[in-house]
1. Return the residue satisfying two criteria in turn: it lies in segment 30-51 and is without any contact (Cβ under 8 Å) to a residue 40 or more places away in the chain, of a type in the set (D, E, K, R) and in a loop (DSSP other than H, G, I, E, B), and of such residues it is surrounded by the fewest Cβ atoms within 10 Å (Cβ to Cβ).
2. Only residues that are in a loop (DSSP other than H, G, I, E, B) and buried (at least 18 other Cβ atoms within 10 Å of the Cβ): list them for segment 53-72, please.
3. Can you tell me how many residues in segment 234-266 are in contact with a helix residue (DSSP H, G or I) (Cβ under 8 Å, 6 or more places away or on another chain), of a type outside the set (Ser, Thr, Tyr) and surrounded by fewer than 11 Cβ atoms within 10 Å (Cβ to Cβ)?
4. Please go through (1) touching a helix residue (DSSP H, G or I) at 6+ places or on another chain (Cβ under 6 Å); (2) farther than 17 Å from SER75 by Cβ; (3) in a strand (DSSP E or B); (4) not polar (S, T, N, Q) for ALA176 and return the number of the only condition it doesn't satisfy.
5. If GLU260 satisfies every condition in (1) in contact (Cβ under 8 Å) with a residue 12 or more places away in the chain; (2) more than 30 Å from ALA114 (Cα to Cα) but one, which is the exception?
6. From the list VAL147, VAL108, exactly one residue is of a type outside the set (Gly, Ala, Ser), at pLDDT below 95 and either exposed (fewer than 13 other Cβ atoms within 10 Å of the Cβ) or over 26 Å from VAL5 (Cα atoms) (or both). Which is it?
7. In segment 91-100, which residue that is surrounded by fewer than 20 Cβ atoms within 10 Å (Cβ to Cβ) and modelled with pLDDT of 95 or more is farthest from VAL193 (Cα to Cα)?
8. Hey, can you tell me all the residues within segment 115-129 that are open to solvent by less than 80 Å² (accessible area, probe 1.4 Å) and either more than 15 Å from ALA176 (Cα to Cα) or hydroxyl-bearing (Ser, Thr, Tyr) (or both)?
Amino acid sequence: MRIAVPNKGRLHEPTIDLLERAGLHIENTADRQLYADTVDPDVSVLFARAADIPEYVADGAADVGVTGLDQARESGHDLVDLLDLGYGRCRLVLAAPEDGDITEPEDVAGLTVATEFPRITREYFERKGIDCEVVEVTGATELTPHVDMADAIVDITSTGTTLQVNRLAIVDEVLASSVRLFARQDVADDPKVRQVTTAFESVIAAEDKRYLMMNAPREALADVKEVLPGMGGPTVMDVADGDTEQVAVHAVVDERAVFEVIDELKRVGASDVLVTEIERLVE
């Protein structure tokens, strides 16, 4: 099975990191390399531009691909969206000069909209029943209203800073995007594809979780369980030295709850509390 991944840009490093944490270590990589093996002899990696990945998957050069939802939608290919990988979040928005007359989508009727995403943009206006001219550009979209090339734009934004710098105001959200794992229809249910999907899911599930281990008096066990907001309740075991008055308690908790939970555990009698990160979590 071949996985297409971004070869550069802001999506490259997070994707490589995801592969590594999922257990698919990439071997023998080099600059400008197009293909690479992984530690799994049945899985290889194809490096490609994020915008080209949907095409590679649809044409069979790769079986699955990691790229943004915006790129997949713009390609027009009917791919299976297997998993939201949770990074690369951004929005495709309709924006116009902040001091202009365009304050809602209907205001662009009969006007010109510049974008690097003509398919998504046309579909958006068709859904809204708005007739306007969509002009495709290949860069510097935010400049087009200021040089009389367009009246408004549809462009990607993460923080909105670039739009503000160019005195553009968001009129409407066209698409909320993030990086996804996509597959062709004919391989979406393949056992190897399911295995890779599960591996990615386990990494994502573990990202905001921490593993807590502690000792606690047996008589305080009910109070300890009350404190721990674990997944399905904590695991309780006898301690190895045969101390029947103490038990070992293990639990998975949300990272954001760890600070308060430790304080509460100490209050009810827990000791030797150890907090560790979780590499993968199969639910």
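1. From segment 30-51, those without any contact (Cβ under 8 Å) to a residue 40 or more places away in the chain are 30-41, 51; that's our starting set.
Filter again for of a type in the set (D, E, K, R), leaving 31-32, 37, 40.
With the extra rule that they be in a loop (DSSP other than H, G, I, E, B), the set shrinks to 31-32, 40.
Details: ASP31: 4, ARG32: 6, ASP40: 15.
Out of the qualifying residues, it is ASP31.
2. Listed by number, the residues that qualify are ALA62, ASP63.
3. Within segment 234-266, the subset in contact with a helix residue (DSSP H, G or I) (Cβ under 8 Å, 6 or more places away or on another chain) is 234, 236, 244-247, 249, 253, 261, 264-265.
Retained after the next criterion (residues that are of a type outside the set (Ser, Thr, Tyr)): 234, 236, 245-247, 249, 253, 261, 264-265.
From the residues that got through so far, the ones that are surrounded by fewer than 11 Cβ atoms within 10 Å (Cβ to Cβ) too are 245.
Here the count works out to 1.
4. Looking at each condition in turn, ALA176 falls short on (1).
5. (1)
6. VAL147
7. Keep residues of segment 91-100 that are surrounded by fewer than 20 Cβ atoms within 10 Å (Cβ to Cβ), which gives 91, 97-100.
In the following step, the residues that additionally are modelled with pLDDT of 95 or more were identified as 91, 97.
Details: ARG91: 28, PRO97: 45 Å.
The residue in question is PRO97.
8. THR115, GLU116, PRO118, THR121, TYR124, PHE125, GLY129
The values are calculated or read from the model by the stated rules, or taken from the named source; none is laboratory data. Being a predicted model, the structure only gives us computed values, none of them experimental. Cβ coordinates were reconstructed from backbone atoms using ideal geometry, including for glycine residues, and neighbour counts include every protein chain displayed. Surface areas here come from the heavy atoms of the whole protein model, side chains and all, with no ligands, DNA or RNA. Shrake-Rupley method; radii C 1.70, N 1.55, O 1.52, S 1.80 Å.
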